[in-house]
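Take a look at the structure set out below.
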Amino acid sequence: MNPETQAAGYSTRSPGPFGGPVQANYPRNCWWAAARSSDIGDKPYGCTMLDTPVVLYRRASDSQLVALHDRCAHRWAPLSAGWVEGDRIVCGYHGFAYEAGGKCVRIPTQDSVPAKACVRPYPVRERYGMVWVWLGDASLADATEPAAELAFITDPAWTVVTGETPLEANYMMLKENVLDLTHFGYVHRHSIKVMDWDRPPKVEVGDTTVTYVQEFPSAPLAFIYGVPTGIGMERTVYRKNWGRFLTPSINLGAVEIRDPSPAPGARAEFRFNVVHLTTPISPTRTRYWWFQGWDIQLPGEYVAKWQPGVEAGYAEDKAILNEVQRIVSLDAAGCDYPEILAQADQAAIQARRKLQALLDAERQGAAR
Amino acid sequence: MRIERKTDEAVDISSFELVDPDGQALPPFSAGSHIDVHLPDGLVRQYSLANDPRDTHRYLIAVLRDANSRGGSIGMHALVVGATIAISDPKNHFALAHSAQHSILIAGGIGITPILCMAERLAHVGASFDLHYCTRSAERTAFSERIRSSSYADHAHLHHDDGPSDQKFDAKAAIGNPRDDVHLYVCGPTGFMDWVLGTARELGWPDTRLHREYFAGVATASADDDGAFEVQLASSGAVIRVEPDQSVVAALAAAGVSVAVSCEQGVCGTCLTRVIDGTPDHRDMYLTPEEQARCDQFTPCCSRAKTPRLVLDL
């Protein structure tokens, strides 16, 4: 008998968050977002990502970022509770000092420093206003870069809002949530009010990515699209929504709008971009940064209303995802009946497959 | 809504005229609209409206009886005149572009329903269009009389798969080269729509002037010519017959062999089963084309066989 077929429920073959003990379903060979660049000033910044404590600080000499395992080699105090001294970080417990490469260079009460007194350094990058850390095999880090698709975030031609919504849920729940926008008519029925997602989208599977595409060939716009574009909510226009599982840490979304009969001199085409950055703290806790942008110069008074509206929308996602995780965690021994999937879950299922392939490759790499 | 009239339109196709039980006017709709129909057993199905949008007191839908359907078409066909069903307000994901100078309407089989409505709307406003309606045979051609006796009969072209070659549908000729302000609309089985749209793209048509109905575009089995086949269990050697209207999972269950399933339509991969011998006929959306081509596993919830027997790792 095929063991895969025999498996109770779904989760034994799937890195998805449903059924079975909640597992660490995150590859380490990936650029994960750790903080905003603006979070890192002259003090150490500590965070937990992928069950790993990480401290970030800037060297005084060149402002370059350093990422280290946030655990003093001596008595395992978090280095983030200490301070920065020049290019070094100093533990606040007994004053052990480390240089940027993670090597301990001073023990205040003795002259010698044991050769093994060091903490693990991690590759780190600053791109698009975010700090990215690579927790896996450091020799693989240079082969990839945090995605160029995020460049609009810092492009002055765009108007962007951003925020952070911490989740008490597995990160894949958020990623699967944004791969199936048929929840709009339910979770966001009173807020976003995009009510025409009533059929499953088309799904395109790439080598490492999964993309859904939903076209609305001729439909009126909800206010979140109609107001910033100036098209309004009465006229019918072409609209294409797509979203992509790009990497385990990044999901993209976009809305392309084309006005078939723009007023003289008015723009006919508009682009709206969304980025979802998720970083697991643990299997059931997630840091979640979101960005939304229009390729339009929007006035401050619109942004002042837009930002809290977007925050409220993500708070609705958070509320349902936290509750789902609570229910899933109650059945940690494994569901006695399987998660039921629908056509609209096709993108999420394929994303789980991409994730599983990365996890498998990492396991095989580690076994070599 | 009450079923006011039920008419056999062609082999396996019935139309249903829906009215408000109190005779109230219905929400207006535009050509290309559909409604969600809530069937008595809880299923919800989308059906295009086939009547003239100027009708204010009735909706006309047409339903193909599909023996391998997941219950929707069977449930609809079981309904009788006088029965009441719940429906949604009309929605339109397949609207006419208003600025078109000329429209090409292409229907495959039951896909005629929204196309017919579009044709009547275009004829009413005096717009230029051609209608191509492809079916397997004359007796499977719903609404043929309504089209023949219409004011636009000269612009309507019927094509039957079993008819003489001079009337066969020549997609390239019907679609032609792209011209500004000419729009193409297609509705029918997924494979048919993909073929028509693929032909148009090859001819250089931009996606902005190609329109398709979406809710029919789900990649589940088209069941018309499904045959019976056998599956053999590698462990016991038992041979189990799978009837034309039966899934492999159902046939196995009837023989006491349980396979874990979730979506039952080839989306989730829960039922994935290794194939030791024989060639599966993949109907799923879980495996990649490369994985399907290896023919070493399949989803028995929806996929079938191209060979008389499949030997399964069960």
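The values are calculated or read from the model by the stated rules, or taken from the named source; none is laboratory data. The structure presented is a predicted model; accordingly, all values stated were derived computationally and were not measured. Here the Cβ positions follow ideal geometry from the backbone for every residue, glycine too, while neighbour counts run over all protein chains shown. Remember, those area values only see protein heavy atoms, side chains included, never the ligands or the DNA or RNA. Shrake-Rupley method; radii C 1.70, N 1.55, O 1.52, S 1.80 Å.
The table below lists the values:
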| read-out | value |
| --- | --- |
| Karplus-derived 3J(HN,Hα), 6.51/-1.76/1.60, for each residue of the stretch B:10-17, Hz, glycine and proline x | 5, 4, 6, 10, 10, 9, 10, 9 |
| Restricting the stretch A:203-294 to GluC sites (Glu not before Pro) in coil, as DSSP defines it, with at most 16 other Cβ within 10 Å | A:Glu234 |
| Shape of the stretch B:226-265, Cα gyration tensor, a/c cut at 1.5 | oblate |
| Distant-in-sequence amide H partners of A:Ala35 (H built 1.01 Å from N, under 5 Å) | A:Val131 |
| Principal-axis tilt of helix B:112-124 within chain B, Cα atoms, nearest 10 degrees | 10 degrees |
| Expected 222 nm ellipticity per residue - DSSP helices of 4 or more, -39500 (n - 2.57), all of chain A, to 500 | -6500 deg cm²/dmol |
| Approximate spin-label separation A:Gln110-B:Trp195, in nm, with each point projected 7 Å along Cα-to-Cβ | 8.2 nm |
| Shape call, chain A: gyration tensor on alpha carbons, a/c limit 1.5 | oblate |
| Mean separation of Cα contacts under 8 Å, 6 or more apart, over the residue count of chain A: relative contact order % | 21 percent |
| Protection proxy ranking of A:306-315, A:165-174 - average other beta-carbon atoms within 10 Å, highest first | A:165-174, A:306-315 |
| Average beta carbon contacts from partner chains per residue of A:215-228, 10 Å cutoff | 3 |
| Cα shape, the protein assembly as shown, gyration tensor, a/c 1.5 rule | prolate |
| Residue (of B:Ile110, B:Cys268, A:Cys47) at the positive-pole extreme of the protein assembly as shown, dipole from beta-carbon charges | A:Cys47 |
| Rounded to 10°, Cα long-axis angle of helix A:346-367 versus longest principal axis of chain A | 20 degrees |
| Accessible solvent surface per residue of the protein assembly as shown, calculated while the other protein chains remain in place, 1.4 angstrom probe, Å² | 44 Å² |
| Percent of beta bridges antiparallel (DSSP, chain B, rounded to nearest 5) | 55 percent |
| Helix-only mean residue ellipticity at 222 nm for chain B, each DSSP H run of n ≥ 4 adding -39500 (n - 2.57), per residue, nearest 500 | -4500 deg cm²/dmol |
| Point-to-point label distance, A:Glu168-A:Val324, nm (Cα→Cβ direction, 7 Å offset) | 1.7 nm |
| A:Asp62/A:Ala151 FRET efficiency (R0 35 Å; Cβ-Cβ; nearest 0.05) | 0.90 |
| Table column - 3J(HN,Hα) (Hz), the stretch B:190-197, Karplus curve with 6.51, -1.76, 1.60, x for Gly and Pro | 3, x, 5, 4, 4, 5, 4, 5 |
| Loop-located trypsin sites (Lys or Arg not before Pro) in the stretch A:158-259, at most 16 other Cβ atoms within 10 Å (DSSP) | A:Arg189, A:Lys193, A:Arg235 |
| Net length gained if the chain between B:Ile276 and B:Ser128 were fully extended (0.36 nm per residue, minus Cα distance) | 47.7 nm |
| Cβ charges +1 (Lys, Arg) and -1 (Asp, Glu), total dipole of chain A, debye | 520 debye |
| Listed peptides B:273-284, B:82-93 by packing density, highest first (mean Cβ within 10 Å) | B:273-284, B:82-93 |
| Nonlocal amide H pairs with B:Ala78, under 5 Å, H built at 1.01 Å | none |
| With all protein chains modelled, accessible area of B:Ser303 [1.4 Å, Å²] | 0 Å² |
| The stretch B:299-310 - phi-based ³J(HN,Hα) in whole Hz, Karplus 6.51/-1.76/1.60, Gly and Pro as x | 9, x, 5, 9, 7, 10, 10, 9, 10, x, 9, 10 |
| Average other protein chain Cβ within 10 Å of Cβ, residues B:179-191 | 0 |
| Amide hydrogen neighbours beyond the local backbone of B:Glu9, cut-off 5 Å, H modeled | B:Ser14, B:Ser15 |
